[in-house]
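Read the figures in this text as sums done on the coordinates, not as results from a lab. What you see is a predicted model; the values in this text were computed from it and never measured. Counting neighbours? That spans all protein chains shown, and the Cβs are built from the backbone with ideal geometry, glycine included.
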């Protein structure tokens, strides 16, 4: 009897277990079917989204695909070729304003380098592009898209090895770019911790990982993971960073490892060429005056393409086939575009106004009018300068110092030189020097132009607007070398300047076919060149008593 009861109980228990597992299997099958059904719906949505295609943006149609299609930047491209396309490519930082072709040039450099049999870049070399301003990383090392990371088994995303307690390394962009180029746009925005990791990778050409869950003696860990933890992941690539910042704002440790290449702002003719090309690529007919109007407003290639696309769409909405100048002017007004700063030679002789050359950061060279007035007021003399900051902050590593504006210093040094050279009593003259407020430029290189402007105003000597000046002047009249000569001469050429006076030390580097370069060591020679001698007296100055504003 007891055995019968036990047998019956075992049968009931087995039946209950069978029913439970059958129910579980049906539940799993139902869940699987529901998941498959949901997956099919999502897949259909993805396929439907993939079938929706908008027109290709004009910016993509006009994007340069080779060096030949990049407007301007001849010197920058030549330097980029030398750094990347030879048998021993270097890491590179490209400086330049937005929309001048930095990214396109880096892509073109890899394509050209791959054609060189001596280059280590192969035909399958990758171009991995990332934006340093948007890179995010986890300080615990869970996620790092740039360097790579380790998914420890306790973290979500540990993968198939998680249940086995095995850490799983994940490759970052530096490994994906192995054998090719890693392009980091806005590299100046890279967080310091990430930059230090990147510099270590550049030295080792490998990425090494650490994990508390890794053990050399754990035989359950696959061989390839042992290989990664013990020898690292390959990361032999060339870094190309692009930035709109100035070189001084980047860490010296990064700059010392890279060749530095500079891209200049686009000139008016280059903007005009880009606008014409954009109109042609988009199928818009554009009047010549319309394209010229674009060159008067667009600051870079992206501006030019956007203005053409907006004006072309507007014209077609109105049923017109061609873009007119009025369309471009409307786009400029609606988009709040600021006219390009342009100075053109008028072949005029002016008293108290001279052309100075400056460099405004990565905005390139500029030609600006510096004006001076001088009124004789015995015993009531003064010097005032407008259009320039009264002080400026200078960074020296971790130190930040405030100093008097170098433009103000340049004006005072120029006045001291004129006092010494002409026996001029500055206490008898109310002298005013004005820098153009629309040009954010400052620096000691204005000294030579200021000296010429003040001399012209005091002695009434007219100076041609086809002549420009750059150079630092000491109180004793020595002309000291300055920077940015190539950009300054290029700006002078574009403005139609015929002659540029500059320090003799800079003259050798100032190569220009259409501009006469005059190198000088003493400011007194400049005075002789523009129409006076150092023997002129203060009495002559009082007799002239010219003022440009009177």
Hey, how many Å between the Cα centroid of segment 245-275 and the Cα centroid of segment 201-234? 38
So if we plug the beta-carbon distance of residue 193 and residue 219 into 1/(1 + (r/R0)^6) with R0 = 35 Å, what FRET efficiency do we get, rounded to 0.05? 0.50
When only Cα pairs under 8 Å and 6 or more residues apart are kept, what is the percent relative contact order across segment 87-145? 24
Once the Cα atoms of helix 301-317 and of the chain are each reduced to a long axis, what angle between those two axes, in degrees from 0 to 90 to the nearest 10, is obtained? 80
Hey, what number do you get for the chain at 222 nm if only DSSP H runs of n ≥ 4 count, each worth -39500 (n - 2.57), divided across all residues, to the nearest 500? -12500 deg cm²/dmol
Could you work out the relative contact order of segment 410-528? I mean the mean sequence separation of Cα pairs under 8 Å and 6+ apart, divided by the number of residues, in percent. 24
Mind checking the angle between helix 268-282 and the chain's longest principal axis? C-alpha axes, 0 to 90 degrees, to the nearest 10. 40
In what sequence do 174, 486, 150, 338 fall when counting other Cβ within 10 Å, fewest first? 338, 486, 150, 174
Provide 260, 516, 129 in ascending order of the number of other Cβ atoms located within 10 Å of each residue's Cβ, fewest first. 516, 260, 129
Just want the ordering: 307, 480, 368, 25, from fewest to most Cβ atoms lying within 10 Å of their own Cβ. 25, 480, 368, 307
Taking R0 as 56 Å and r as the Cβ-Cβ distance between residue 7 and residue 34, the FRET efficiency 1/(1 + (r/R0)^6), rounded to the nearest 0.05, comes to 0.90
Under a plain spin-label model, where a point goes 7 Å from the Cα along Cα-to-Cβ, how far apart in nm are residue 203 and residue 509? 3.1
Would you please give the FRET efficiency between residue 22 and residue 136, computed as 1/(1 + (r/R0)^6) with r the Cβ-Cβ distance and R0 = 41 Å, to the nearest 0.05? 0.25
Potential lengthening between residue 340 and residue 425 on full extension [0.36 nm per residue; Cα-Cα distance subtracted]: 26.5 nm
Take every Cα pair under 8 Å in segment 268-334 that's 6+ residues apart, average their separations, divide by the length, and report that relative contact order as a whole percent. 38
